[in-house]
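Undergrad: Dropping the structure in here first, questions after.
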Amino acid sequence: MVINLSSQSNSHQSERPVVFADRIGRLYAEAATDEHKKGLGQYLTPVPVADFMGSLISARNKSRIRILDPGIGSSILSCGACESLITRNTGVKEVELVGYELDKKLLPTTQKALHYLKDWMAARGVTLEHIIKRSDFILENGHVLQENLSLFASESESPKYDIVISNPPYFKIGKDDPRAMAASSVVHGQPNIYALFMAISAYLMDEKGDFIFITPRSYASGPYFKRFREVFFSKVVPEHFHIFGSRKEAFDRDSVLQENLILHAKRRTEHSKDHNKTVKISFSQGSNDLSKPVKRTALLKDVINPKDKNVIIFIPTTDEEEQIIARVNSWKSSLHKYEMEISTGPVVPFRATKFIRYQGDIKNGEAPLIWMINVRDGKFSWPLRERNKEQYIIVDDESMPLLVPNRNYVFLRRFSAKEEEKRLNSSAYLKNDIPCKWLGLENHINYVHRPDGEITKEEALGVSAILNSRFLDTYFRTSNGNTQVSATEIRDMPLPDISIIQKIGSKIEKEGVESVELESILP
Ligand SMILES: C[S@@+](CC[C@H](N)C(=O)[O-])C[C@H]1O[C@@H](n2cnc3c(N)ncnc32)[C@H](O)[C@@H]1O
């Protein structure tokens, strides 16, 4: 890959450094292969996003500032940070910048952009010293997480940065990857590399530092990031979340299909416990409307409930969403409290081809096979012949481990599209719906059951109505960037008192689901 950088003039300084870094970064990205970029998680930040992230830096009265940019790329975020410090007259006189970049071929581009920035800053009376480390950020710094255990010893030796700004690489790594091992204290299962960048950076930040990252939203909830959230949010406290409404638009030109989130955080202090502490939340569709985001503030305790052992992050973008989160968080029970369990359907069709059938006969020993499509608009319908999905599974000794007894259940679809209006789609299933002994549940269905007994009709109807309600749907949507509805998350979701669930269920049984005004019945 040869890029003619010398033709990219930097003599007249007519461009802002962010725009210059973007222009030469794009030249590099256009010449690099998709494979190369994918391997390094290399998706460069567009100008409006870099400007927005730079604008989040707090005003501080300090003449010398240290900036860290892990995974610096063409340095657009460092340029954004420096431009913001200078144009806002923060009193800065010297900047020391440390960047990490693994892609050696990109380094001439990075150097070119940083020299341009240095000249631009010099013309404004500010000096820039920059060091680009051609090493793996995680392998070089992962030890700071281990040292967490002997906090005081490590704290005094760690380098401190006033600003840590990054768009880190995003991809999953194996748990035996040396990078996962270097950051093992925040790793559970197969980690995403971006979370390791975030955790380590939090430890490298000064007491009064600014942490500004753009990443996928997936860390906000879910069991795989729980350990990360525990460690990370014990160290930092969010000041501002910016969410993008569209998956595509933040990084449009690289077609990144992630739901992106910008986080501005500070180190956790005594003040973070303040009951009335607030978090800024802003929202834009993509990068083009980022200069005019919708803004609001929420209480920190509604964004991260201090009593929540799962440390789930809620990002309400309206007052109504915030009220619903607070309301649902006030419910004190969950499925487990009522000895209910949620599990994933055991039938994986491609492994069960010899058992599953388009046609069948229950009297002849075949059992109904239930898929996501059988759960629609809060209702259960079976069989559905028009959808070309096998609706039966044979019952014999070999298929028995795939079957569940015909009892009352709540079925919940395991997947939803973000664009879909509802994320939680469930229906009650009552054993009298189909006169049979066994049921086959396909793997894209989660089902609520009671392992040591059976859930009652009222419970099935009540739990399903609550899962289908705008209350739990909003609760889920504001915390979860994934289209997957994991059983673990539903298991821990708050539920109201069992007497209320039963009351809702019995009203539905007698008068139909339309008759129930959850708004007035739910606490
Ligand atoms: C998502 S890109 C962002 C680049 C730049 N910060 C920006 O915002 O445009 C992430 C960068 O991190 C680099 N990178 C990937 N893994 C790295 C690692 N382990 N250590 C340091 N840099 C890494 C990639 O080569 C890529 O340039």
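Undergrad: Return the residue satisfying two criteria in turn: it lies in the range 298-342 and is open to solvent by 30 Å² or more (accessible area, probe 1.4 Å) and part of a strand (DSSP E or B), and of such residues it is nearest to Arg414 (Cα to Cα).
TA: Glu341
Undergrad: Could you say which residue among Lys266, Lys208, Lys172, Lys273 is in the same structural domain as Leu102 (by TED's automatic domain parsing), charged (D, E, K, R), modelled with pLDDT under 85 and open to solvent by 10 Å² or more (accessible area, probe 1.4 Å)? I'd like the intermediate steps shown before the answer.
TA: Details: Lys266 fails: modelled with pLDDT under 85; Lys208 fails: modelled with pLDDT under 85; Lys172 fails: modelled with pLDDT under 85.
It is Lys273.
Undergrad: Sticking with this structure for a sec: Scan (1) out of contact with any Cys (no Cβ under 7 Å at 6 or more places or on another chain); (2) more than 19 Å from Met198 (Cβ to Cβ) for the single condition Pro70 breaks and write down its number.
TA: It is condition (2) that Pro70 fails.
Undergrad: Do we have Thr483 as open to solvent by 10 Å² or more (accessible area, probe 1.4 Å), within 30 Å of Thr353 (Cβ to Cβ) and touching a Pro at 6+ places or on another chain (Cβ under 6 Å) here? Show your work before the answer.
TA: On the way: open to solvent by 10 Å² or more (accessible area, probe 1.4 Å): yes; within 30 Å of Thr353 (Cβ to Cβ): yes; touching a Pro at 6+ places or on another chain (Cβ under 6 Å): no.
No, not satisfied.
Undergrad: Another one. When you check Tyr116 against the structure, is it under 33 Å from the mean Cα position of the chain (by Cα) and among the aromatic types (Phe, Trp, Tyr), yes or no? Quick ask: steps written out before the conclusion?
TA: Values: under 33 Å from the mean Cα position of the chain (by Cα): no; among the aromatic types (Phe, Trp, Tyr): yes.
When the stated conditions are applied, Tyr116 does not pass them.
Undergrad: Can you find, within the range 75-112, the residue that is farthest from Asn61 (Cα to Cα) among those that are more than 8 Å from the ligand (Cβ to nearest atom) and among the charged types (D, E, K, R)?
TA: In this case the residue turns out to be Lys105.
Undergrad: In the range 38-93, what count of residues is obtained for those that are outside any loop (DSSP other than H, G, I, E, B) and either under 25 Å from the mean Cα position of the chain (by Cα) or without any contact (Cβ under 8 Å) to a residue 60 or more places away in the chain (or both)? Don't jump to the end; show me each part of the working.
TA: The initial filter retains those residues of the range 38-93 that are outside any loop (DSSP other than H, G, I, E, B), namely 38-40, 47-55, 64-70, 76-87.
Subset that is either under 25 Å from the mean Cα position of the chain (by Cα) or without any contact (Cβ under 8 Å) to a residue 60 or more places away in the chain (or both): 38-40, 47-55, 64, 68-70, 76-78, 80-81, 84-87.
Final tally of qualifying residues: 25.
Undergrad: Answer yes if at least one residue in the range 50-58 is over 28 Å from Lys160 (Cβ atoms) and within 16 Å of the ligand (Cβ to nearest atom), and no otherwise. First the steps, then the outcome.
TA: Keep residues of the range 50-58 that are over 28 Å from Lys160 (Cβ atoms), which gives none.
Within the range 50-58, none of the residues are over 28 Å from Lys160 (Cβ atoms) and within 16 Å of the ligand (Cβ to nearest atom).
The values are calculated or read from the model by the stated rules, or taken from the named source; none is laboratory data. Keep in mind the model is a prediction, meaning the values are calculated, not measured. Cβ sites come from the backbone with ideal geometry, for glycine too, and all protein chains shown count toward neighbours. Remember, those area values only see protein heavy atoms, side chains included, never the ligands or the DNA or RNA. Shrake-Rupley method; radii C 1.70, N 1.55, O 1.52, S 1.80 Å.
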